[in-house]
Amino acid sequence: MFQIVDHIGFAVANVEEAIAYYTAAFGLTEWERLSLPDRHMAVGVARLGETLLELIAPTSEDAAFAKFLREKGPGVHHIAYRVENIVEALAELQARGVPLIDKTPRPGIHNTLIAFVHPKAGTQGVLVELVQHQDQH
């Protein structure tokens, strides 16, 4: 089902401060900044080979992960795995009885479709995201 790790999402309080740290500490200088007002979040992404580092900061308490950041503080929020066909992957997970947050895919950044598996699904508390790049199909 999983092809590769697509990205690792980190919840941060401030995208610009997090980018500044990653740039100074690790030499990551190629950052794309995205504003997603409909999702109440600011995003910074940097590519490491085929994997993205995704820094996400809520712009309001309406962000889906604002509670996570408030209660747990900054840190790893989710691991995203690339799948060939997200609809088939979701159907397979549902057939296996895996609890899903998203039963149907929704648009993600960079022309992708995404869906989340519930962190209480047995993934040891890790929020798992499925990602299909739409240029694949």
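Would you pick out the residues in the stretch 27-40 that are free of Cβ contacts under 8 Å to residues at least 40 places away in the same chain and surrounded by fewer than 15 Cβ atoms within 10 Å (Cβ to Cβ)?
Gly27, Thr29, Glu30, Glu32, Arg33, Ser35, Pro37, Asp38
Please enumerate the residues belonging to the stretch 1-35 that are within 30 Å of Glu88 (Cβ to Cβ) and at pLDDT 95 or above.
Residues of the stretch 1-35 that are within 30 Å of Glu88 (Cβ to Cβ), as a first pass: 1-11, 32, 34.
Residues satisfying the conditions are Phe2, Gln3, Ile4, Val5, Asp6, His7, Ile8, Gly9, Phe10, Ala11, Glu32, Leu34.
To keep it simple, each residue is scored yes or no on (1) part of a helix (DSSP H, G or I); (2) among the polar types (S, T, N, Q); (3) exposed (fewer than 13 other Cβ atoms within 10 Å of the Cβ).
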position	(1), (2), (3)
Ile19	yes, no, no
Ala25	yes, no, yes
Glu54	no, no, no
Ser60	no, yes, yes
Gln94	yes, yes, yes
Val98	no, no, no
Thr104	no, yes, yes
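Take the residues in the stretch 41-52 that are free of Cβ contacts under 8 Å to residues at least 40 places away in the same chain and farther than 13 Å from Val15 by Cβ; name whichever of them is surrounded by the fewest Cβ atoms within 10 Å (Cβ to Cβ).
Step one: of the stretch 41-52, the residues free of Cβ contacts under 8 Å to residues at least 40 places away in the same chain are 41-42, 44, 46-49.
Subset that is farther than 13 Å from Val15 by Cβ: 47-49.
Values: Arg47: 13, Leu48: 13, Gly49: 7.
So, considering only residues that are free of Cβ contacts under 8 Å to residues at least 40 places away in the same chain and farther than 13 Å from Val15 by Cβ, the one surrounded by the fewest Cβ atoms within 10 Å (Cβ to Cβ) is Gly49.
Listed by first and then second residue, the pairs with beta-carbon distance under 9 Å, at least 6 apart or on different chains, first residue in the stretch 1-24 and free of Cβ contacts under 8 Å to residues at least 24 places away in the same chain, second aromatic (Phe, Trp, Tyr), are Thr23/Trp31. Looking only at the stretch 20-44, count every residue that is farther than 19 Å from Leu69 by Cα and of a type in the set (S, T, N, Q) and tell me the total. Count: 2. The single condition from (1) surrounded by 16 or more Cβ atoms within 10 Å (Cβ to Cβ); (2) under 12 Å from the mean Cα position of the chain (by Cα) that Leu69 fails is (2). Restricting the stretch 112-137 to residues that are more than 18 Å from Phe10 (Cα to Cα) and either small (Gly, Ala, Ser) or modelled with pLDDT under 95 (or both) leaves a set whose member that is surrounded by the most Cβ atoms within 10 Å (Cβ to Cβ) is Ala121.
The values are calculated or read from the model by the stated rules, or taken from the named source; none is laboratory data. Because the structure is a prediction, the values reported are computed rather than measured. Note that each Cβ is placed from the backbone with ideal geometry, even for glycine, and that neighbours are counted across all protein chains shown.
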